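**Q** Can you keep this structure in mind? I'll have questions shortly.
The values are calculated or read from the model by the stated rules, or taken from the named source; none is laboratory data. Keep in mind that this is a model prediction, so the values were computed, not measured. Heads up, the Cβs are rebuilt from the backbone with ideal geometry, glycines too, and the neighbour counts pull from every protein chain shown. With ligands, DNA and RNA removed, areas are computed over all heavy atoms of the protein, side chains included. Shrake-Rupley method; radii C 1.70, N 1.55, O 1.52, S 1.80 Å.
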Protein chains: 2
Amino acid sequence: MRDVDIAEAARLSGVRASTLRFYEEKGLIASHGRRGLRRLFDPAVLDRLALIALGRAAGFSLDEIATMFAPDGRPRIDRRMLAAKAEELDRTIRKLNAMRDGLRHAAACPAPSHMECPTFRRLLRAAASGAIGERKARRPPRKSLAATGREKGRAREP
Amino acid sequence: MRDVDIAEAARLSGVRASTLRFYEEKGLIASHGRRGLRRLFDPAVLDRLALIALGRAAGFSLDEIATMFAPDGRPRIDRRMLAAKAEELDRTIRKLNAMRDGLRHAAACPAPSHMECPTFRRLLRAAASGAIGERKARRPPRKSLAATGREKGRAREP
DNA sequence: CTGCCAGTTCAAGTCAACTTGAGGTCAAGG
DNA sequence: CCTTGACCTCAAGTTGACTTGAACTGGCAG
């Protein structure tokens, strides 16, 4: 199989066609040529998309991910950057662990009001002092599964 | 101390005055009255801000947090909601753990290119298949420490 | 009495990562 | 040859949580 079109790339990668165009515009991927108007991608774009997905999942921004590719297109990933991100993740994980335990306790706590539960109040103080850093769960994607191939006809979610 | 003004509330809570106004507009906090134009807050607003900070840190949206207050202003937190959030955090934590370990390995891996490292490729596949859900580390706040009290004169970051 | 300046309002801007809309093109099938 | 519909471009919209700008106000020090 040589040269996949955008619908196929979308189907195979699970990334929407509009996102592929967006990524191309951002320089994260490149189309190899055109057939008429239509982009043609090298199948290697799928590896690249996987790497992008991995980077996103690890918490890298698209701009950061862009730096992970050498000019020749092959990944050139700074190991120190990976280690730093691992450290960052570790810190995040520790905070989330504390938060989860606190929530769990608060959920099970028999105190009539949460305000009377020492554990909850301790959490509260930690949050107020900023000891439990910010974080935000990404809003879920529209559809993570492979697209249907049709782009216009997709049922629009309200 | 009865009735803090916005600058004081900001100083004591570490939340910016503009954010306090925003929270008030959203109905998350309420000012108790005015002196001239200036809002006056009941000191209890500080507890409320702590609870909001906690909720944010746990990953609740402001809208969700808004539901955690009874009409009388006292927190009325659904324990099942806390348990559910704890579960969610737990899932997130597991994914982040896997990601951290993978990154750690990739950072230390002796393979000449990451693409030749089986662990890295396994991670890649997991990410491509969506097994490692989305997440996004919130961009860091401007200043987590207590504000200076001046709002206009603050050095603007470029 | 006057001016200062921290406070006020309201609209608009920011950021990231996409998505959507309108209007256009073209390769292939009938 | 003509239609069809998937793809194209480019601009603008979306989301959440705020921040910023411009124009204004009023309590208090001098």
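**Q** Filter the range A:100-124 down to the residues that are surrounded by fewer than 15 Cβ atoms within 10 Å (Cβ to Cβ), at the interface with another protein chain (Cβ under 10 Å from one of its Cβ atoms) and more than 34 Å from the chain's Cα centre (by Cα) and list them by number.
**A** Passing the criteria: A:Ser113, A:Met115.
**Q** Quick check on B:Phe60: is it farther than 20 Å from B:Ile6 by Cβ and buried (at least 16 other Cβ atoms within 10 Å of the Cβ)?
**A** yes
**Q** Could you tell me how many of the residues in the range B:1-22 are of a type in the set (Ser, Thr, Tyr) and away from chain A (no Cβ under 14 Å)?
**A** Selection size over the range B:1-22: 1.
**Q** Mind checking whether some residue in the range A:47-62 is within 14 Å of DNA strand D (Cβ to nearest atom), farther than 21 Å from B:Ser113 by Cα and in contact with a strand residue (DSSP E or B) (Cβ under 7 Å, 6 or more places away or on another chain)?
**A** No, the range A:47-62 contains no residue that is within 14 Å of DNA strand D (Cβ to nearest atom), farther than 21 Å from B:Ser113 by Cα and in contact with a strand residue (DSSP E or B) (Cβ under 7 Å, 6 or more places away or on another chain).
**Q** In the range B:71-99, which residues are open to solvent by less than 10 Å² (accessible area, probe 1.4 Å) and farther than 30 Å from A:Gly55 by Cβ?
**A** B:Leu82
**Q** Moving on to the next point. State all residues of the range B:32-57 that are within 14 Å of another protein chain (Cβ to nearest Cβ), surrounded by fewer than 22 Cβ atoms within 10 Å (Cβ to Cβ) and aliphatic (A, V, I, L, M); if no residue qualifies, say none.
**A** B:Ala44, B:Leu46, B:Ala50
**Q** Okay, moving on. If you check A:Asp72, A:Asp42, which single one turns out to be in contact with an Asp or Glu (Cβ under 9 Å, 6 or more places away or on another chain), acidic (Asp, Glu) and under 30 Å from B:Ala128 (Cβ atoms)?
**A** A:Asp42
**Q** Answer with yes or no whether A:Ile29 is surrounded by 18 or more Cβ atoms within 10 Å (Cβ to Cβ) and within 15 Å of DNA strand D (Cβ to nearest atom).
**A** yes
**Q** Determine whether A:Ile65 is closer than 20 Å to B:Arg122 by Cβ and more than 9 Å from every other protein chain (Cβ to nearest Cβ).
**A** Answer is yes for this residue.
**Q** Report, by residue number, each residue of the range B:4-26 that is farther than 20 Å from B:Glu64 by Cα and open to solvent by less than 50 Å² (accessible area, probe 1.4 Å).
**A** B:Val4, B:Asp5, B:Ile6, B:Ala7, B:Ala9, B:Ala10, B:Ser13, B:Gly14, B:Ala17
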